[in-house]
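The block underneath contains the structure these notes are about, expressed in structure tokens.
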Amino acid sequence: MNNRRHTFKEWIIAVRPWSFPASAMPVIATLGYLLWKSGETPAGLDWGYGLWALANIIIFHAAGNTWSDYFDFRKSVDAEDTFGVKTLTGGMFSPEEIKRLSIGLLAVAVSAGIALMCLTGIPLLWIGLGGLACSLLYPALKYNALGDLVIFMSYAILPTLGTSFVTSGEVVWESLWLAPPIGLITVAILHANNTRDTATDRRAHIRTFAMEIGPKASRITYYAEILVPFIWVAACCIAGIFPVWSLIAAVALVPASANLKMMKRSGSEGMSAIGTLDEMTARLQMVFSLLLTLSFIIAYAF
């Protein structure tokens with residue numbers, strides 16, 4: 001067992017902070033959307049609760065990351081020759097340390113969620129229970145080709161509804177228009193990871209969506225997950241669902257094109273060509289969502 005003292009940097013590495021845009025961005029974009037929809041009465045929104053929700057979902061995400069890493073290591077999904085962080089496969093942490101870290105983070109997130117529910121209302125309980133179930137069941141569902149669906153639910157639909165409720169005092173169903181564009185790019189993070197790891201996942205006797213559809217269809221799926229969000233936002237602008245300013249999200253097509261080219265290279269160069277595509281997709285998620293959020297702020301101001 002690894003009993004040495006760990007540095008703060010190592011603990012940060014263990015929770016994979018590069019992935020946090022996946023959880024933070026739906027909350028941030030929803031806050032921007034609520035500001036725009038509030039018109040001249042933003043005082044009716046509780047921004048403190050919104051920021052509380054943001055911090056809490058990031059902690060939930062960190063707990064989910066470490067929980068998944070623990071089970072991936074135990075099931076030999078992650079090994080010395082696999083891509084990704086080496087917190088367990090490289091011996092930085094012992095499995096029990098990562099397990100305890102995950103349980104500790106989950107306890108903090110659940111406690112904070114209960115406190116926020118007491119201040120806002122029972123609807124948050126059902127949203128929170130859904131998020132908790134997604135975190136705990138994610139490894140098992142991921143091993144049976146359902147990880148993409150769980151990610152869309154936990155990092156698109158649930159945080160959008162939860163943020164709208166705690167910030168405005170009611171579930172703003174219209175905020176779900178944000179879920180498809182943000183959620184698809186988030187799912188693309190996982191899909192890039194699973195496409196890259198197809199061979200080692202097969203060796204570990206698990207099933208992922210990328211494995212089920214094969215490499216060519218996986219590339220096409222990734223292209224769709226990256227491009228459909230831009231089409232969705234444009235359509236929402238035309239329909240008046242989003243302000244015209246939201247078209248500035250198209251600026252994110254610049255980094256998106258680099259991601260698409262990298263995925264295309266995997267067809268001729270092998271999966272090593274997309275070794276860092278999951279991290280690049282997380283950065284794309286941040287750029288796209290921040291631009292969308294900025295568009296709502298500009299639309300509110302003008």
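Read the figures in this text as sums done on the coordinates, not as results from a lab. No experiment lies behind these values; they were computed from the predicted model shown. As a convention, Cβ positions derive from the backbone with ideal geometry for all residues, glycine included, and neighbour counts pool all protein chains shown.
The distance from the alpha carbon centre of segment 111-169 to that of segment 265-302 is 23 Å, rounded to a whole number. Each residue in V251, V27 was given a count of other beta-carbon atoms within 10 angstrom of its own, and listing them fewest first yields V251, V27. In this simple spin-label approximation, L125 and A258 carry label points 7 Å from Cα along the Cα→Cβ vector, and these lie 4.7 nm apart.
Residues whose amide H falls under 5 Å from that of R207, counting only those 5 or more places apart or on a different chain, are N144, A145, with hydrogens built in the peptide plane.
Put +1 on the Cβ of every Lys and Arg and -1 on every Asp and Glu Cβ in the chain; which of L284, W245, V27 then has its Cα farthest towards the positive end of the dipole? Highest projection toward the positive end goes to L284.
Given K75/K142; K9/K86; K75/K264, which pairs have Cα atoms separated by over 20 Å? It would help to have the intermediate numbers written out before the result.
Values: K75/K142 12 Å; K9/K86 14 Å; K75/K264 30 Å.
K75/K264, as the Cα separations exceed 20 Å there.
Here the Gaussian network model covers the chain, with springs between Cα atoms less than 10 Å apart; of A107, A24, A14, A107 fluctuates the most.
Between L51 and S76, the C-beta separation translates, for a Förster distance of 51 Å, into a calculated FRET efficiency of about 0.80.
What longest region of the chain stays clear of GluC sites (Glu not before Pro) that DSSP places outside H, G, I, E and B and that have at most 12 other Cβ atoms within 10 Å?
Numbers: sites that count: E40, E80, E170.
Looking at the chain, 171-302 is the longest stretch - no exposed GluC sites (Glu not before Pro) with at most 12 other Cβ atoms within 10 Å.
Charged side chains reduced to their Cβ positions (Lys and Arg at +1, Asp and Glu at -1) give segment 200-254 a dipole of some 260 debye around its Cα centre. Taking the Cα centre of the chain as reference, the dipole from Cβ charges on Lys and Arg (+1) and Asp and Glu (-1) amounts to some 620 debye. Entry note, the chain: the mean residue ellipticity at 222 nm calculated from DSSP H runs of n ≥ 4, each adding -39500 (n - 2.57), is -24000 deg cm²/dmol after division by the residues and rounding to the nearest 500.
Neighbour counts of other C-beta atoms within 10 Å: give me K264, K99 arranged from fewest to most. Write down the numbers at each step before the final one.
On the way: K264 15, K99 18.
By the 10 Å Cβ count, ascending: K264, K99.
The string of couplings for segment 112-124 from the Karplus curve (6.51, -1.76, 1.60, θ = phi - 60°) is 5, x, 5, 4, 5, 4, 4, 8, 10, x, 4, x, 5 Hz, one whole number per residue in order, with x for Gly and Pro. Put +1 on the Cβ of each Lys and Arg and -1 on the Cβ of each Asp and Glu in segment 164-302; which of A210, I182, S272 then has its Cα farthest toward the positive end of the dipole? Of A210, I182, S272, it is S272.
Annotation: the residues C134, C118, sorted from fewest to most other C-beta atoms within 10 Å of their own C-beta, follow the order C118, C134.
Prolate is the label for segment 252-302, because a/c, from the alpha-carbon gyration tensor with a ≥ b ≥ c as root eigenvalues, is 1.5 or above and a/b exceeds b/c. Database remark: amide H of S94 closer than 5 angstrom to the amide H of N2 (H placed geometrically; neighbours at sequence offset of 5 or more, or on other chains; Pro and chain starts carry no H).
Each Lys and Arg contributes +1 and each Asp and Glu -1, all at the Cβ; summed about the Cα centre of segment 123-210, the dipole is approximately 440 debye. Dipole of the chain computed with +1 at Lys/Arg Cβ and -1 at Asp/Glu Cβ about the Cα centre; of F230, W67, G162, farthest Cα towards the positive end is W67.
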